[in-house]
Amino acid sequence: MQAVTKLVTLPLHGVAATRRLEQQASLSLAPHTLMQRAGLAVARLSLALAPHAQRFWIACGPGNNGGDGLEAAIHLHQWGKTVVVTWLGAENTAKVPADALASWKRAQAAGVPFANVAPVEYDFAIDALLGIGAKPRSNDVHSTQLDKWLALLLASDKPVLAIDIPSGLDADTGISSIAPELIADPARQQRAASRFTLSLLTLKPGLLAAHGKDRAGQLWWDDLGVTGVSTQTPDAWLLGQDRVESRSRSQAAHSSHKGSFGDVAILGGESGGTTHMAGAALLAGRAALHSGAGRVFVALLGNTGLTVDPLQPELMFRAPDSLDLKSQVIVCGCGGGDAVAGVLPRVLSSAVAAVLDADALNAIARDTQLQTQLRTRQSRGYQTVLTPHPLEAARLLGNNTADVQANRLEAARQLADRFQCVVVLKGSGTVIAAPGQVPVINSTGNARLATAGTGDVLAGMLGAELARGQTAFEAACGAVFWHGQLADDWNVCWPGAPLTASLLAQNHQADLKQ
């Protein structure tokens, strides 16, 4: 068993892959072995998380997730704890899976107390209502009782441990069938520190995407001693620090010079009429500089009148048509407005390395010729990274934001395959996908990043990673990881200050902690 941290990259397996592993393992194990191992793991973690707890409420559904809960109840009861089990399978045991039914009989034989209603007082609760294959149904015979117990668990001010996955959360996508207003309830967010999930056999991608992080709380994983988990190709990876390069120059050769760390050119920041977006380009430029680029150029679109950034005089301003697209990493689109469409044909046809963000993505979504140019870049050996948020991704895919958010992994894969480039789908559990590669879900970041300009900062950081000579996929992984880690470190580096893109661009980094 291990805590899931951002230090180590871990494999993620969806429902179908997990089912295959279960079937493979069952061929070499005695009947009920996995369920008994799961119950023991849950009981041990419960005591580790709440060593002084004496009263346990275990809410069990009628399926195998409930069976895991019943096994945990047996151990806690035998260890002298006061246990109350509420079980939804009692009304129709004929429909209960064989393993879960065996666990129910074992619990009865062990003298585990059962009740029809949740206890009024308890110290620790275990959510064993719905597993990876179950979803609440309004016409289910148990739905009324299930809803009551789910509501009690959500509202509980006691620690709650979910077995495998929080009830009602889709293990593949992270979409929750629980009402969004309940998940986002401020009072519930204050209780988030006392929410835990133990993912069994495999670590599920839905725990890290969409609503997953909000529902799961502190995440743990136990492979139940099944060796095949580490050998099967995962559906995705959880990105850890061990997969990204250090951002320090301390290990660089002493003979290094500014040319050793590459050039980044920011192309965007349209100004004219009522549109003044130069700030977006400046944020990207500052972020690239603070992320280690040797030189950073800013090419503003329109009549800005800016020739120097007083807060960052190291930035060098150039006319857009003077950029060297063959030797510079081009970060295009930050605040580009409508004007960026005019420079995109040249960027797509000539830039050896490009990061396409914001208005560049919107322009591509509207123009089939630009889409064709984008698709052909890979065949020419060019490196390209797209950095859409969900709405920009929807425009590129020709659907809507709800479709993208309903399966973020699949949306990122589709974009990468359609345009033959690396895609960074921003959001909770940012997804990084590339043609022919297993996608990754980022482990860092938090809601502090939900403020204007942080996407421009990410684009600049990504440009700097590319300028250092990394591949597009490596650069995307590094930039996304450290961008999120900056937000995680915020109170250490900027105690009491709200996160703004201007401060974020300065890239102050604390020591990474678990």
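The values are calculated or read from the model by the stated rules, or taken from the named source; none is laboratory data. Quantities reported herein were computed from a predicted structural model and do not represent experimental measurements. Backbone-built Cβ (ideal geometry, glycine too); neighbour counts: all protein chains shown. Each accessible area value is taken on the protein alone, full model and side chains, heavy atoms only, with ligands, DNA and RNA left out. Shrake-Rupley method; radii C 1.70, N 1.55, O 1.52, S 1.80 Å.
Quick rundown of the values:
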quantity	calculated
Matching entry among Leu283, Leu300, Leu311, Leu289 (being closer than 19 Å to Gly453 by Cα, open to solvent by 10 Å² or more (accessible area, probe 1.4 Å) and in contact with a Cys (Cβ under 9 Å, 6 or more places away or on another chain))	Leu283
Residue list for the range 93-113, filter: more than 13 Å from Gly63 (Cα to Cα), touching a strand residue (DSSP E or B) at 6+ places or on another chain (Cβ under 9 Å) and either aliphatic (A, V, I, L, M) or assigned to a helix (DSSP H, G or I) (or both)	Ala107, Gln108, Val112
Count - residues of the range 415-435 that are under 16 Å from Gln378 (Cα atoms) and either crowded, with 19+ Cβ neighbours inside 10 Å or within 14 Å of the chain's Cα centre (by Cα) (or both)	8
Scan of the range 128-144 for residues that are at pLDDT 90 or above and not in a strand (DSSP E or B), ordered by number	Leu129, Leu130, Gly131, Ile132
Elements of type helices (runs of 4 or more DSSP H) in the range 154-255, at least 3 residues being surrounded by fewer than 17 Cβ atoms within 10 Å (Cβ to Cβ) and at pLDDT 90 or above	none
Filtered residues of the range 375-411 (kept if among the aliphatic types (A, V, I, L, M), under 18 Å from the mean Cα position of the chain (by Cα) and open to solvent by 10 Å² or more (accessible area, probe 1.4 Å))	Leu391, Ala402, Ala406, Leu409
Matching entry among Gln23, Gln36 (being open to solvent by 40 Å² or more (accessible area, probe 1.4 Å), at pLDDT 95 or above and of a type in the set (S, T, N, Q))	Gln36
Tally of residues being more than 36 Å from the chain's Cα centre (by Cα) and either closer than 13 Å to Val296 by Cα or in a loop (DSSP other than H, G, I, E, B) (or both) across the range 318-328	2
Some residue of the range 118-129 being farther than 26 Å from Ser143 by Cβ, out of contact with any Phe, Trp or Tyr (no Cβ under 8 Å at 6 or more places or on another chain) and free of Cβ contacts under 8 Å to residues at least 12 places away in the same chain	no
The range 337-356, residues that are hydroxyl-bearing (Ser, Thr, Tyr) and either within 30 Å of the chain's Cα centre (by Cα) or under 14 Å from Leu466 (Cβ atoms) (or both)	none
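Results for (1) within 21 Å of Glu22 (Cα to Cα); (2) open to solvent by 70 Å² or more (accessible area, probe 1.4 Å), shown as yes or no for each residue.
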position: Leu47; (1), (2): no, no
position: Pro51; (1), (2): no, yes
position: Arg55; (1), (2): no, yes
position: Ala73; (1), (2): no, no
position: Thr82; (1), (2): no, yes
position: Leu88; (1), (2): no, no
position: Asp99; (1), (2): yes, no
position: Pro119; (1), (2): no, no
